[in-house]
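The values are calculated or read from the model by the stated rules, or taken from the named source; none is laboratory data. If you're wondering where the values come from, they're calculated on a predicted model, not measured in any experiment. Cβ sites come from the backbone with ideal geometry, for glycine too, and all protein chains shown count toward neighbours.
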Amino acid sequence: MFLSPKTVWMVRIMQRRCKFDIIVAILDIVLSGATKTKIVHDANLNCNLATKYLDLLQERKFIRINGNVYEITKEGKTFLKKAKELQI
């Protein structure tokens with residue numbers, strides 16, 4: 001069965017992302033520092049979901065807050081590097 005490029009694109013948009021993919025996306029965004037608004041926009045999350053993941057990443061010491069800017073930590077960079085190696 002042949003799927004057109006538009007159909008493939010639609011299927012990808014409708015697929016749900018797993019927790020791992022969302023975490024990798026957030027860590028990628030905060031590499032250069034990012035506000036919560038930028039994270040919500042760039043990771044395509046709602047505010048409540050972003051807050052949940054940001055809290056989780058802070059608990060794991062993968063990110064920290066400097067004023068209103070989220071920054072990645074050394075542990076976060078290490079995790080992000082290994083996570084990207086695992087992604088297909």
Just name the residue that is nearest to Ile22 (Cα to Cα) out of those in the range 35-48 that are touching a residue at least 24 places away in the same chain (Cβ under 8 Å) and in a helix (DSSP H, G or I). Ile39
Would you confirm, using the coordinates I've provided, whether Arg12 is out of contact with any strand residue (DSSP E or B) (no Cβ under 6 Å at 6 or more places or on another chain), within 22 Å of Ala83 (Cβ to Cβ), modelled with pLDDT under 95 and in a helix (DSSP H, G or I)? yes
Out of Thr51, Thr73, which single residue is at pLDDT 95 or above, exposed (fewer than 15 other Cβ atoms within 10 Å of the Cβ) and hydroxyl-bearing (Ser, Thr, Tyr)? Thr51
Checking the conditions here, which among Leu27, Leu45 is at pLDDT below 95, buried (at least 16 other Cβ atoms within 10 Å of the Cβ) and either in contact with a Leu (Cβ under 8 Å, 6 or more places away or on another chain) or not aromatic (Phe, Trp, Tyr) (or both)? Leu45
